[in-house]
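**Student:** Dropping the structure in here first, questions after.
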Amino acid sequence: MKKWITMIRKFSHRRRKGASTIEFVIILPLFFVLCMVVWQFVITGMAVMDTQAALRDAVKVAATTGNVEKAEKLGKESFGDSTQYVLDDFEVEIKDGEAFAKAKTQVPILFMTTEPYTYENSSKAPVLEFAQGHTGPMSGGKFARPVNLAYGCDIHCYDGHTGQDFPGDIGTDVYAAEDGYVEKVVHLGDDSYGTYIVIDHGGGIKTLYAHMYPWQPTVFTGERVKRGQKIGGVGNNGNSSGPHLHFEVKVNGSPVDPRPYIE
């Protein structure tokens, strides 16, 4: 009896060794292959999302500003600098009233010497009409009007409103109300004023121009500007209920009614 029990134990031990060998020879390599396949899908998905972001931002800029070079630059910046995949081709053009962008991204096939996977896509949007007729700032009063648009909500519109609104089309030119230097160009994203510009005119007087998109300012911090010089465009960024310029005049840090300065 003992002899049979000993034989069964030896047979069982040999079978377990064999099972362990099968696990390492077959199952483990399959696990690594599965991991590579999953990682390939992850990289490809990231490449697609970055390409879509580049197209979206480029078309948005081209459609609202009409500036193809700036659109291409921002689109490439939105794509990023990935080491896993490459933006092989990226073009933006405006034709027949439409902004059009196309992109081609190369995604390498992991651990293989085959040709990379190529992802191609495009996007388009109608170009928004810019302000027509008068191409410079209206004379105004002590200050020039910052934009050639009708008045909207003023400083008395509701509690907490600190300036004068000028509703209008996205991309309408915005001008410096008076000579001065650009104190700052601030980007708050989708919050508050969005992207805004502050110009110091001396004597404790400053003006603020808000709700632009990040690509719209045409001036930089520290730059000297002249009355009537274009500094940006009307946007709809930040805490905004619609496309408009929010314009403020501040005296010694406190907002005052802008209308007496520009009428």
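**Student:** Just the residues that are over 19 Å from S241 (Cα atoms) and out of contact with any Lys or Arg (no Cβ under 6 Å at 6 or more places or on another chain), please, taken from the range 194-212. I'd like the intermediate steps shown before the answer.
**Tutor:** Initially, the range 194-212 is screened for residues over 19 Å from S241 (Cα atoms), giving 197-207.
Result: I197, I199, H201, G202, G203, G204, I205, T207.
**Student:** Show the residue pairs that are 6+ apart or on different chains and have beta-carbon atoms under 7 Å apart, the first residue being within the range 110-124 and closer than 17 Å to I43 by Cα, the second being part of a strand (DSSP E or B) and not hydrophobic (A, V, I, L, M, F, W, C).
**Tutor:** P116/Q106; T118/K104; T118/Q106; Y119/T105; E120/K104
**Student:** Can you tell me which residue is farthest from N148 (Cα to Cα) among those in the range 239-263 that are aliphatic (A, V, I, L, M) and in contact with a strand residue (DSSP E or B) (Cβ under 6 Å, 6 or more places away or on another chain)? Walk me through it before giving the result.
**Tutor:** To start, the set of residues in the range 239-263 that are aliphatic (A, V, I, L, M) comprises 245, 249, 251, 256, 262.
So of that shortlist, the ones also in contact with a strand residue (DSSP E or B) (Cβ under 6 Å, 6 or more places away or on another chain) come out as 245, 249, 251, 256.
Working: L245: 11, V249: 17, V251: 24, V256: 21 Å.
The selected residue is V251.
**Student:** Considering only residues of the range 12-65 that are of a type in the set (S, T, N, Q) and farther than 30 Å from E77 by Cα, which is modelled with the highest pLDDT?
**Tutor:** Let us first name the residues in the range 12-65 that are of a type in the set (S, T, N, Q), namely 12, 20-21, 40, 44, 51-52, 64-65.
Subset that is farther than 30 Å from E77 by Cα: 12, 20-21.
Working: S12: 50, S20: 55, T21: 61.
It comes out as T21.
**Student:** Residue check: is Y261 modelled with pLDDT under 95, crowded, with 19+ Cβ neighbours inside 10 Å and not hydrophobic (A, V, I, L, M, F, W, C)? Step through it out loud before you land on a result.
**Tutor:** Details: modelled with pLDDT under 95: yes; crowded, with 19+ Cβ neighbours inside 10 Å: yes; not hydrophobic (A, V, I, L, M, F, W, C): yes.
Yes: the conditions hold for Y261.
**Student:** Could you please let me know if V86 is modelled with pLDDT of 85 or more and not assigned by TED's automatic domain parsing to the domain that holds Q216? Reasoning before the result, please.
**Tutor:** Working: modelled with pLDDT of 85 or more: yes; not assigned by TED's automatic domain parsing to the domain that holds Q216: yes.
In short, yes.
**Student:** I would also like to ask the following. Which condition from (1) modelled with pLDDT under 80; (2) crowded, with 17+ Cβ neighbours inside 10 Å is the one that K3 breaks?
**Tutor:** Checking K3 against (1) modelled with pLDDT under 80; (2) crowded, with 17+ Cβ neighbours inside 10 Å, the one that fails is (2).
**Student:** Can you report the number of residues in the range 89-107 which are surrounded by fewer than 17 Cβ atoms within 10 Å (Cβ to Cβ) and at pLDDT 85 or above?
**Tutor:** 6
**Student:** Among the numbered criteria (1) touching a Lys or Arg at 6+ places or on another chain (Cβ under 8 Å); (2) surrounded by 21 or more Cβ atoms within 10 Å (Cβ to Cβ), which single criterion is violated by E183?
**Tutor:** Condition not satisfied by E183: (2).
**Student:** Right, something else. Quick one: which residue in K230, K250, K226 is basic (K, R) and within 30 Å of A125 (Cβ to Cβ)? Steps first, answer last, please.
**Tutor:** Details: K250 fails: within 30 Å of A125 (Cβ to Cβ); K226 fails: within 30 Å of A125 (Cβ to Cβ).
The conditions single out K230.
**Student:** Given (1) surrounded by fewer than 22 Cβ atoms within 10 Å (Cβ to Cβ); (2) modelled with pLDDT of 95 or more; (3) among the polar types (S, T, N, Q), identify the lone condition not met by S192.
**Tutor:** Failed condition: (2).
**Student:** In the range 146-183, what residues are small (G, A, S) and either touching a residue at least 12 places away in the same chain (Cβ under 8 Å) or touching a helix residue (DSSP H, G or I) at 6+ places or on another chain (Cβ under 7 Å) (or both)?
**Tutor:** Here is the first cut: in the range 146-183, the residues small (G, A, S) are 150, 152, 160, 163, 168, 171, 176-177, 180.
Those that are small (G, A, S) and either touching a residue at least 12 places away in the same chain (Cβ under 8 Å) or touching a helix residue (DSSP H, G or I) at 6+ places or on another chain (Cβ under 7 Å) (or both): A150, G152, G163, G168, G171, A176, A177, G180.
**Student:** Look through the range 207-263, keep the residues that are of a type in the set (K, R) and under 22 Å from D154 (Cα atoms), and return whichever of them is nearest to the chain's Cα centre (by Cα). Break it down into steps so the answer makes sense when it comes.
**Tutor:** Keep residues of the range 207-263 that are of a type in the set (K, R), which gives 224, 226-227, 230, 250, 259.
With the extra rule that they be under 22 Å from D154 (Cα atoms), the set shrinks to 250, 259.
On the way: K250: 30, R259: 33 Å.
Among them, the one singled out is K250.
**Student:** Would you mind telling me which numbered condition in (1) surrounded by fewer than 22 Cβ atoms within 10 Å (Cβ to Cβ); (2) more than 17 Å from V249 (Cα to Cα) I170 fails?
**Tutor:** (1)
The values are calculated or read from the model by the stated rules, or taken from the named source; none is laboratory data. Note that the structure is predicted; figures quoted are calculated from it, not measured. Positions of Cβ are generated from backbone atoms using ideal geometry, with glycine treated the same way; all protein chains shown enter the neighbour counts.
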